[in-house]
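So the structure is just underneath, and the comments pick up after that.
The values are calculated or read from the model by the stated rules, or taken from the named source; none is laboratory data. Quantities reported herein were computed from a predicted structural model and do not represent experimental measurements. Here the Cβ positions follow ideal geometry from the backbone for every residue, glycine too, while neighbour counts run over all protein chains shown. Ligands, DNA and RNA are stripped out before the accessible areas are found, and what is left, the full protein with its side chains, is counted by its heavy atoms. Shrake-Rupley method; radii C 1.70, N 1.55, O 1.52, S 1.80 Å.
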Amino acid sequence: MVLSNFSMHQALDAGRLIIDPEPLPRTGTENSSVKCPYQTSAVDLRLGDEVSYFTEGLPINIDLRRGSFASLFGPNSSAHKITAETPFALEPQKFVLSTTFERVSLPLIQDQIPLAARVEGRSSYARCGLLIHFTAPTIHAGYNGRITLELINLGPLPILLYPGAPICQLIVEEVHGDPFRNDSQFQGQITAGGSKK
């Protein structure tokens, strides 16, 4: 069952869903200059301040049988800090990683219905050709960390990526039954490459 915006507010208040910093305002008013990030069944998350990508021209093949993604990506990648004054221009047919500005936690709490989530793109970016978090949208129950976003520009023109831009939406769902812990290699990540520091 997908949570409505009101149900997301209840989950935030109960600590079943943690988004830090919490997206505000919780509701919109006609006179407000700040747009409410809560749609009827999703909440917008913002882009972090770094873009990472595999360094081009390396004489390697990607073989994830040889270790974790972080151990492959870290030494074979480049990172680019972005600011409002110096956005990253994502060229057509190029692929980068970034993270959400917000940290998301879906804690497993005894006697509470667990939550999981999906990350999806936003239609305004999609209509420009930007794919966001494709093929891996699931945020598992028990997850805690920033969400890595896989970004590829399939459009005909460069797309400017600014920190703080509302880049994706989080759709929160209830999980049927009590899951046992089986954390992924990305639990607690703070960087796009899966680093925890």
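Okay, here's what the table says:
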{"quantity": "One residue from ASP183, ASP111 being surrounded by fewer than 16 Cβ atoms within 10 Å (Cβ to Cβ) and either at pLDDT 95 or above or in contact with a Gly (Cβ under 9 Å, 6 or more places away or on another chain) (or both)", "calculated": "ASP183"}
{"quantity": "Where SER124 falls short, out of the listed (1) among the polar types (S, T, N, Q); (2) touching a residue at least 60 places away in the same chain (Cβ under 8 Å); (3) closer than 17 Å to LEU90 by Cα", "calculated": "(2)"}
{"quantity": "Unmet criterion (only one of (1) closer than 23 Å to PRO166 by Cα; (2) part of a strand (DSSP E or B)) for PRO23", "calculated": "(2)"}
{"quantity": "Restricting the range 45-60 to residues that are open to solvent by 50 Å² or more (accessible area, probe 1.4 Å) and within 20 Å of PRO163 (Cβ to Cβ), the residue that is nearest to the chain's Cα centre (by Cα)", "calculated": "ARG46"}
{"quantity": "Residue in the range 58-76 that is more than 18 Å from ARG146 (Cα to Cα), touching an Asp or Glu at 6+ places or on another chain (Cβ under 8 Å) and of a type in the set (Ser, Thr, Tyr) present", "calculated": "no"}
{"quantity": "Residue in the range 33-44 that is part of a loop (DSSP other than H, G, I, E, B), touching a Gly at 6+ places or on another chain (Cβ under 6 Å) and surrounded by 15 or more Cβ atoms within 10 Å (Cβ to Cβ) present", "calculated": "yes"}
{"quantity": "Close pairs from the range 156-183: first farther than 22 Å from HIS140 by Cα, partner among the polar types (S, T, N, Q) and buried (at least 18 other Cβ atoms within 10 Å of the Cβ), Cβ under 6 Å, at least 6 apart", "calculated": "ILE159/ASN153"}
